[in-house]
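Remarks on the structure that follows.
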Amino acid sequence: MSVVLLLNGPNLGILGQREPEVYGTDTLADIEAAVAEEVRVRGWEVASVQHDSEGDLVGAIHRHRGSTVGAIVNPGALMIAGWSLRDALASYAPPWVEVHLSNVWARERFRHDSVIAPLASGVVVGLGAFGYRLAARALLHLCAGTPGGPS
Ligand code: DQA
């Protein structure tokens, strides 16, 4: 069974309640269900991990390195200076897509740079929870021809 890692960083466990005018009303459970629905067409499953601390996210990447076909990563504020998260992702070989619900470039200056973006296969920004669906579709495309990917 092919598995996609859905990795969400700090403060994303309270989506739905957290600044809904910025991040929308979908909960993390809604997003997990949406990603699962997208990848089900290929028989893939989703391993969803959310942590508020960087070390736990690093550990999750290590654990899923050899057993996932790709990842969707919303680093939350760790986009700004999450260097150990960045280094963990550097050792994660499969394609992965960075997602931000909000349009970070339309917000405060400190959100404009992501330390992980240069390593990502692609980045989806500003499309709310739908961005996770797009990232899932991108992984299906990027994994075409690999074991567990579309033929
Ligand atoms: C976010 C954007 C980040 O700047 C912020 O710190 C978050 C959420 C987003 O999904 O829009 O926690 O990653």
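Return the only residue of Leu85, Leu12, Leu89, Leu7 being within 16 Å of the ligand (Cβ to nearest atom) and within 18 Å of Val104 (Cα to Cα).
Leu12
Quick check on this structure: which one of Ser67, Ser2, Ser48 is touching a residue at least 40 places away in the same chain (Cβ under 8 Å), touching a Lys or Arg at 6+ places or on another chain (Cβ under 8 Å), more than 15 Å from the ligand (Cβ to nearest atom) and not β-branched (Val, Ile, Thr)? Give the derivation first.
Numbers: Ser67 fails: touching a Lys or Arg at 6+ places or on another chain (Cβ under 8 Å); Ser48 fails: touching a Lys or Arg at 6+ places or on another chain (Cβ under 8 Å).
Just a single option satisfies the conditions, and that option is Ser2.
Exactly one of these conditions fails for Val73: (1) in contact with an Asp or Glu (Cβ under 7 Å, 6 or more places away or on another chain); (2) within 13 Å of the ligand (Cβ to nearest atom); (3) over 20 Å from Ala138 (Cα atoms). Give me its number.
Condition (3) is where Val73 drops out.
Looking at this structure, is Ser53 surrounded by fewer than 15 Cβ atoms within 10 Å (Cβ to Cβ), within 15 Å of the ligand (Cβ to nearest atom) and not acidic (Asp, Glu)? Step through it out loud before you land on a result.
Values: surrounded by fewer than 15 Cβ atoms within 10 Å (Cβ to Cβ): yes; within 15 Å of the ligand (Cβ to nearest atom): yes; not acidic (Asp, Glu): yes.
Yes.
Quick check, is Ile14 over 15 Å from the mean Cα position of the chain (by Cα) and not polar (S, T, N, Q)?
yes
Among the residues of the range 109-132, write down those that are near the ligand (Cβ under 9 Å from one of its atoms) and part of a helix (DSSP H, G or I).
Correct list: Phe110, Arg111, Gly131.
Give the number of residues within the range 70-96 that are more than 24 Å from Pro20 (Cβ to Cβ), among the aliphatic types (A, V, I, L, M) and crowded, with 22+ Cβ neighbours inside 10 Å. Give the derivation first.
Start the filter on the range 70-96 by keeping residues that are more than 24 Å from Pro20 (Cβ to Cβ), which leaves 70-71, 81-96.
Imposing the further condition that a residue be among the aliphatic types (A, V, I, L, M) reduces the set to 71, 81, 85, 88-90, 93.
This time we only want the ones that are crowded, with 22+ Cβ neighbours inside 10 Å, so: 71, 85, 89.
Count: 3.
Taking the condition over 18 Å from Pro20 (Cα atoms), in contact (Cβ under 8 Å) with a residue 60 or more places away in the chain and more than 10 Å from the ligand (Cβ to nearest atom), does Ala135 pass?
Working: over 18 Å from Pro20 (Cα atoms): yes; in contact (Cβ under 8 Å) with a residue 60 or more places away in the chain: yes; more than 10 Å from the ligand (Cβ to nearest atom): yes.
The answer is yes for Ala135.
Laboratory data are not the source of any read-out in this text; all were calculated from the coordinates shown. These numbers were taken from a predicted model, which means no experiment stands behind them. Don't worry about glycine lacking a Cβ; one is built from the backbone with ideal geometry, like all the others, and counts go over all protein chains shown.
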